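None of the figures in this text is laboratory data; all of them are computed from the coordinates on show. This one's a predicted model, so the numbers in the text were calculated from it and none came from an experiment. Methodologically, a virtual Cβ is constructed for each residue, glycine included, from the backbone with ideal geometry; neighbour enumeration extends over all protein chains shown.
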Amino acid sequence: MSIDINGISNKPIPARVGGTGDEAKVRQQQTAQTAETGQSSTNDTFSLSDSARQLGKLDNASSAAPVIDTQRVEQVKQAIKDGSYSVDPVKIANKLMQFESMLKPKG
């Protein structure tokens, strides 16, 4: 006894809906050729956008750049040692405010 719930029945679903079956034969032949030769029977190509190329260049450049500016670190260390290092609280506050304004969404 079959049950029909909202138009769904127990009928078996055909293995392939539509088409002549030729697509499956072609895929099987391509798979066999790939297995024999190790190469695809189709020519796959790709291209990169200008943005992707630029991002790749930036990534390479940033990887090559040193993480720490050791010369600047030594300058600051020396300035602290000899007492010539000064802190400008107004400049720091302005930079913090500028940074904070960049974080806020506009609109």
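Count Lys and Arg as plus one, Asp and Glu as minus one, and take only other residues whose Cβ is under 13 Å from that of SER51; the net charge is then 0. Per-residue Cβ neighbour counts within 10 Å put PHE46, PHE99 in the sequence PHE46, PHE99, beginning with the fewest.
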